[in-house]
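The values are calculated or read from the model by the stated rules, or taken from the named source; none is laboratory data. Not measured: the values here are computed from a predicted model. All Cβ positions, glycine included, derive from the backbone under ideal geometry; neighbour counts span all protein chains shown.
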Amino acid sequence: MKKFLVEFWKSYSIVIVVIVIGLVLGLLAPRFLTKDNLINVMTNASLVAIVGLGMTLAIASGNFDLSVGATASFAGCISFSLVPILGVPLSIIAGVIVGAVVGLINGLIISELRVPAFIATLSMMTIVRGFTLIFTNGRDLYLFGQTEYKILSGQLILGISTPIFFAIGIALLFGFVKKYTRFGRHILAMGGNLSAASRSGVRTSFVLWGIFSIVGATAALTGMIISSQVLTANARLATGLELSAIAVVILGGTALSGGQATVIGTLLGALLISMINNGLNLLNVPIFYQELTVGALMLGALAVKMQKGFKISSLLRSRS
Amino acid sequence: MNQKIFKLITALLVLSFVLAACGSSGEEATSESRTIGFSVYDMQYGFFQDMEAGTREGAKDAGYDYILVDQKSSESTMVSATIDLINQGIDALIISPFKPDALGPIVDAAKEKGIPVVVNDIGGGGTDYNVIVISNNYEGGVMAAEHMDELISAAGKPKKVASITCEASAVYAARRNVGFEAKIKELGYEVVATLSGNSQQEQGYKVMQDILTANPDVSGVFSCNDPMAVGAAQAISDAGLSGASDIFVIGFNADEIALESIKAGDMAATVQQVPFEMGKMTVELATQLMNGKTLAYDNAELREIFVPVNLITLDNIPN
Amino acid sequence: MTVAEKQIKKFSVKLGWDLLWERYGIATVVLIAWVIAFFFVPNFRNPDNMLNVIRQSAFVGCAAVGMTIAIISGTFDLSVGSTLALSAYLGLMVVSTTESVLLAILVTVLVAMLIGLINGLLITKVGISAFITTLGMSFIVRGLSYIISKGGEPVRYNAKAFIWWGNGSFLRIPIPFIIFIICALAGWFILKKTPFGRYVFSIGTNEKAAKVAGVPVQRTIIFIFIIVGLFTGISAFLIGSRLYSAGPGLEPGFELSVIAAVVLGGTRLAGGRGSILGTIAACLLYATMGNILNLLHADAFVQRVAVGMILLLALSIEGIRQRIFEHSSRRITTLEIEPNSNEYQGGQA
């Protein structure tokens, strides 16, 4: 039992944090716990969670991707500009493909040119933003009155919005991939020990291309959902998405050193940040306190995991 | 072998500096025509693209050469790129500064070379510029408040409004919200929320959702810029309401998306600035300064020339 | 005997080239860029312009010296941008109220060092990874500077004694560049001539082995972050002086420019290898690139793409060369040591 508690605390401390913060916010802001607001919170969490899930795979493999914000806005712009030609469903698919292609380019640069992921995706961030600016000529693309595109961000059934379904669906899919497929095992093997994985027959380049294509596709989906919310696409959209996505993955408990991933953790991490931003907005707290809180929370959550989690476990052990 | 390469590199290094020293004297701009340099805030924004188009056209009409640099929303790029501009031998500098407080070194460098400085909008940062053309941000906020009062009173809705601000570092744009909030409070309204949308459209959307949750009876929203106003209007229409008749959304700038949003019936109004005309005007002022004429200021002490702001609604929307 | 000798000779040539590129590659690229620009880019050879370029390189440069040391040790610091803003802002507040430049320098540098100390303590004593610690700190410090400023309004101050540091010259050489070179010499001295420098390299190469060999790992890491703070503080002071002002929103994205410059300079994100000379050259290259693009009147949108492409190109040269080498010398693989160990580094801090 105690062992179970220790394990539970180690892997699910974030569940407790989410519940506690939810209750506190519920007490402070009475409207926090209404159905509509919770759906808003979950929708906004899903936006970051979708790209965060892609990022989880990248981080599990010991890489990460700083170009997701740029990719998101690029895909939104491409997709919006294709709507008059292809119609909504096809242009959404085209957007995802464009994202995957950008991701694939990232993967190729990393594996074939041997540029470290950090700096390769940092360069790609500038390049893709620049490309988007050239493509849109720096202007906004808009689809006001176009209700069909709203399918990406609107409510689907029972008042629950599409992004929530996407986030849960992708989480299930990635959870399955991670546990039961060769690709998933190879990702974790690469993150755990690259040269060992390579020696034991993992074709690291292929896995890498797969991972980055997936990250690109999830980033594109997030970008198009954001564009669908505001019915506008431009090169400035989703600025800073990369840091939010990485923060969410880390808060969720995926280690930056690679070799391990928690899909549910990423969902919860996104939920946590979304709850805090929403709660502080409901309380009319200025934005810099939100930044401060997110930073403190990241450090706090990890400190608890590192230090206190450790201490609690040792406490329990000494008693038993 | 490696040593040879190092020697070669060293030789090249020395050579290039020698050349640098020699070449230093000959390169003064001696061409007949005058050159206007424009240092723009950030070409990512429609507002500054329009301003740039006006400046470019003004310079072309007057027969000047024209050089543009982009500050890319960074204060150190603003200084280095503008100094690059000054070092190319321009005859007058027009600048829409990303951070007016960092204008000091630019104005000093320009004065050292006897180049007049025309500031286009944003702010002058208390420096020794020749003239600043500025649209009155505070007054624009007041104008929005007055219009919102008319709309809300006519509809008989509760006197509760919200205010969405730009990113915290945009202190000059913040005056729009200050003007709005001061006037609307004077008119007997309650400002139920003042939140930042970081100047980003998607943040305007999110913040509006939260404002609606916390204050379902809010009847008007003023946004510091148009992207956030359009985002807020979308949030309102996603909640099954209208930003033009249920909750009145007023933005600032008259960006293309805002005009389209007003036409689509999603948003009530926007406060228009006239960046294109401002651009042309700065070239005319630069001409007068280069010809040694004295300018007619609206406010002589701060060398300010005001540009009017207008309210754009569905009734007077330009096509 | 002769075969072995041959192999060793081949090996040493390869190592030589590797080191050559790592140490002098970017410096050569900068020189070539300068020579070409000198002859073909209008106005580049104007001495004011060239002096402006080297002045510009110094602002990222000083902080990059500290970051080089951190990255060689296998960690890095994402909080330098926020640290820069907070310390420059506090420095400006001090100088504008007390009119004492010395006090401003002290405050700026000490605040930055204090943040470095906190980073170091969190990393070593609590055990959070450097990436997360410094990312979290960057949010906290940025938030703090806005809260202190009560709304984001920058502070201005333009007394000669203060702005001279960022805008003045000595024998026509810009003061910031002189300070940058002094910082670089100090960084070089620390890395190459002190036991601390040896610890930095050994931690970066293999932390566990360093620990076994008796390197005081924790103390060294705390010290590294204090040093990063010190150099960031110097950059902060110079930028504040250069701009006559500083606000809490100063230079977002500064940390990424600094890290990019260090990596471009040949320092490996994996740690263990790197040089200050490379960092100097990379900072110069950055400033030169921006300047040339401006002088050529390149479109602002195209500039973004160009800068990214040049960065990628410069960084892939080594990878391409490695591949070609591997391809042409499959036979001596027995003597290949660790050319692949640095691929796919995701900045595992």
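Go through region A:44-88 and report how many residues are within 14 Å of chain C (Cβ to nearest Cβ) and over 30 Å from A:A197 (Cβ atoms).
Qualifying residue count, region A:44-88: 3.
Have a look at B:G54, B:G125 and point out the one that is in contact (Cβ under 8 Å) with a residue 12 or more places away in the chain, within 13 Å of chain C (Cβ to nearest Cβ) and either of a type in the set (F, W, Y) or farther than 22 Å from C:N291 by Cα (or both).
None of the others qualify; the one that does is B:G125.
Quickly run through region B:172-202 and pick out the residues that are part of a loop (DSSP other than H, G, I, E, B), of a type in the set (A, V, I, L, M) and modelled with pLDDT of 90 or more.
B:L187
Working only within region B:77-102, note down all residues that are touching a residue at least 24 places away in the same chain (Cβ under 8 Å), within 8 Å of another protein chain (Cβ to nearest Cβ) and either touching a Leu at 6+ places or on another chain (Cβ under 8 Å) or at negative phi (or both).
B:V79, B:A81, B:I83, B:L85, B:Q88, B:K99, B:D101, B:A102
For region C:275-292, check the following and say yes or no: at least one residue is assigned to a loop (DSSP other than H, G, I, E, B) and within 13 Å of chain B (Cβ to nearest Cβ).
The answer is no, given that none of the residues of region C:275-292 is assigned to a loop (DSSP other than H, G, I, E, B) and within 13 Å of chain B (Cβ to nearest Cβ).
In region C:188-240, what count of residues is obtained for those that are touching a Ser or Thr at 6+ places or on another chain (Cβ under 7 Å), of a type in the set (F, W, Y) and closer than 30 Å to B:I106 by Cβ?
Number of matching residues: 1.
For region A:255-267, what are the residues that are touching a Gly at 6+ places or on another chain (Cβ under 6 Å) and more than 9 Å from every other protein chain (Cβ to nearest Cβ)?
Answer for region A:255-267, where residues must be touching a Gly at 6+ places or on another chain (Cβ under 6 Å) and more than 9 Å from every other protein chain (Cβ to nearest Cβ): A:G259, A:T262, A:V263, A:G265, A:T266.
In region A:32-55, which residues are of a type in the set (V, I, T) and closer than 17 Å to A:S73 by Cβ?
Hits for region A:32-55 are A:V48, A:I50, A:V51.
State the number of residues belonging to region C:111-164 that are β-branched (V, I, T) and facing another protein chain (nearest Cβ under 9 Å).
9
Counting only residues that are crowded, with 24+ Cβ neighbours inside 10 Å and either in a strand (DSSP E or B) or hydroxyl-bearing (S, T, Y) (or both), how many does region A:202-243 have?
Residues in region A:202-243 being crowded, with 24+ Cβ neighbours inside 10 Å and either in a strand (DSSP E or B) or hydroxyl-bearing (S, T, Y) (or both): 6 in total.
Would you point out which residue out of B:N120, B:N136 is surrounded by fewer than 21 Cβ atoms within 10 Å (Cβ to Cβ) and either in contact (Cβ under 8 Å) with a residue 40 or more places away in the chain or not β-branched (V, I, T) (or both)?
Going through B:N120, B:N136 in turn, the sole match is B:N136.
Return the total of residues in region B:223-266 being of a type in the set (S, T, Y) and closer than 16 Å to A:S227 by Cβ.
Here the count works out to 2.
Can you find even one residue in region A:104-117 that is surrounded by 24 or more Cβ atoms within 10 Å (Cβ to Cβ), without any contact (Cβ under 8 Å) to a residue 24 or more places away in the chain and small (G, A, S)?
no
When region B:241-276 is examined, which residues are found to be within 13 Å of chain A (Cβ to nearest Cβ), among the acidic types (D, E) and surrounded by fewer than 20 Cβ atoms within 10 Å (Cβ to Cβ)?
Of everything in region B:241-276, just one residue is within 13 Å of chain A (Cβ to nearest Cβ), among the acidic types (D, E) and surrounded by fewer than 20 Cβ atoms within 10 Å (Cβ to Cβ), namely B:E256.
Identify the residue in region A:278-291 that is within 7 Å of chain C (Cβ to nearest Cβ) and surrounded by 19 or more Cβ atoms within 10 Å (Cβ to Cβ) and, among all such residues, is farthest from the chain's Cα centre (by Cα).
A:F288
So C:L230 fits all but one of (1) touching a strand residue (DSSP E or B) at 6+ places or on another chain (Cβ under 9 Å); (2) within 30 Å of C:K160 (Cβ to Cβ); (3) of a type outside the set (V, I, T); (4) surrounded by fewer than 23 Cβ atoms within 10 Å (Cβ to Cβ); what number is the exception?
So the condition that C:L230 fails would be (1).
Considering only region B:195-211, how many residues are facing chain A (nearest Cβ under 7 Å) and β-branched (V, I, T)?
Count: 1.
Restricting attention to region A:112-141, which residues are within 7 Å of chain C (Cβ to nearest Cβ) and among the hydroxyl-bearing types (S, T, Y)?
A:S123, A:T126
For region B:177-191, state whether one or more residues are within 14 Å of chain C (Cβ to nearest Cβ), surrounded by fewer than 24 Cβ atoms within 10 Å (Cβ to Cβ) and closer than 23 Å to C:S145 by Cβ.
yes
Within region C:235-263, which residues are over 18 Å from C:F139 (Cβ atoms) and over 13 Å from the mean Cα position of the chain (by Cα)?
Once the filter is applied, which keeps residues that are over 18 Å from C:F139 (Cβ atoms) and over 13 Å from the mean Cα position of the chain (by Cα), region C:235-263 yields C:A236, C:F237, C:L238, C:I239, C:G240, C:S241, C:R242, C:L243, C:Y244, C:S245, C:A246.
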